[in-house]
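Scroll down for the structure; my scribbles are underneath it.
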Amino acid sequence: MLEFPRWDSYSRFARAVRSCRRYVLGEDERDFLATVLATIQDRDVEFKAGKIFYRAQLGVEIVDREDDEGNWVGEDVVGFDAARMKPLSDRAREGRANPTGIPALYVGTSAETAISEVRPWIGADVSVAMCRLLGPMRTLDLTKGHGKSSFAGAVFRHVLGDGPLTAEDKAKAVWIDIDNAFSEPVTSSDDRADYAPTQVLAELFRSAGYDAIGYKSHFGDDGDRRGYNLAIFDPGMVEIASCVPYQVKSIKVVAEQNGTPWTKSRG
């Protein structure tokens, strides 16, 4: 049975792929990927044909409305057409699960989750498509470790000198890091190398027979009600059943202090 050499093996893999090499991997990185596949446990989820997911894009269409005689009588707001709601087959932007030019379809389990993922502003118009699965979809569940710390529990006790870690302890810590890596929020201003580790892993999962990966959203409702996202490797697995225009009415921001303040001396 393959075993991760360290509890922080994902961090070391990610650092190597971001800053050293990613197309011809070294032995350590190849061993890491082989161990990832060997330690997948209880993470298979199958969605049946007909299952509905949601995809959002900023913007809507404005179309003229005419009466029965062809006279202009106003305008209607409609969602984008089906072609616009899927990524371009040869010019897809890169994301956490796909490199540039190789499309993946990113969807959410609710309209609200899908809308939140496009980072809208108050008053923004958003097109939201209902995406229907055309067949069964084997999905890898990457939600189990969301929001947890790989340093907690056995790893923390190990650092304090409480004996060596078991293979199970190390695998648990590594998979927590993988789960969190896929759900980490990214923006268009982020260094694109930050995508590299999850892109490599997504390609690994696809080669292992998975049709999609599912990960927890950092946006949407609070707590356990927060939605899920999926990256579907083949956009042809879904059809756009309909598309509805939305307008964002409010955005909730929750913040908490995470450091020590500095103050000017009163000398």
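The values are calculated or read from the model by the stated rules, or taken from the named source; none is laboratory data. Small disclaimer: the values here were computed from a predicted structure and weren't measured. Methodologically, a virtual Cβ is constructed for each residue, glycine included, from the backbone with ideal geometry; neighbour enumeration extends over all protein chains shown. Side chains included, ligands, DNA and RNA excluded: accessible areas come from the protein's heavy atoms. Shrake-Rupley method; radii C 1.70, N 1.55, O 1.52, S 1.80 Å.
Structural remarks
- The chain, accessible area per residue, ligands and nucleic acids excluded (1.4 Å, Å²): 59
- Choice from Asp177, Asp90, Asp68 showing the highest fluctuation, given a GNM over the chain with Cα pairs closer than 10 Å: Asp68
- Once C-alpha pairs closer than 8 Å and six or more residues apart are averaged by separation and normalised to the residue number of the chain, the relative contact order reads 28 percent.
- Here the stretch 9-62 has 45 percent of its accessible surface on carbon and sulfur atoms, given a 1.4 Å probe and all protein chains in place.
- 18 Å Cα-Cα reach of Lys170 towards lysines, excluding residues that sit fewer than 8 places from it in its own chain: Lys144, Lys148
- Of every Cα-Cα pair in the chain, the percent that sits beyond 26 Å: 50
- Among Leu142, Leu105, Leu160: highest mean-square fluctuation, GNM of the chain, C-alpha pairs under 10 Å: Leu160
- Between the stretch 24-52 and the stretch 112-189, the alpha-carbon center distance in angstrom: 14
- Viscosity 0.692 mPa s, temperature 37 °C, Stokes-Einstein D of the stretch 24-76 from Kirkwood C-alpha radius, µm²/s: 187
- Only helical runs count toward this figure. For the chain, summing -39,500 (n - 2.57) over DSSP H runs of n ≥ 4 and dividing by all residues gives -7500 deg cm²/dmol at 222 nm.
- Cα gyration tensor, the stretch 113-153 - rounded (a/c under 1.5), prolate or oblate: oblate
- Note on the chain: with a GNM built from Cα contacts shorter than 10 Å, the maximum mean-square fluctuation among Asp67, Asp169, Asp179 falls on Asp67.
- Around Ala97: net Lys/Arg minus Asp/Glu count, Cβ-Cβ under 11 Å: 0
- Segment Asp90-Glu69, length gained on full extension (0.36 nm per residue, minus Cα span): 3.4 nm
- Using all pairs of distinct alpha-carbon atoms, the Kirkwood hydrodynamic radius of the stretch 47-148 works out to 16.1 angstrom.
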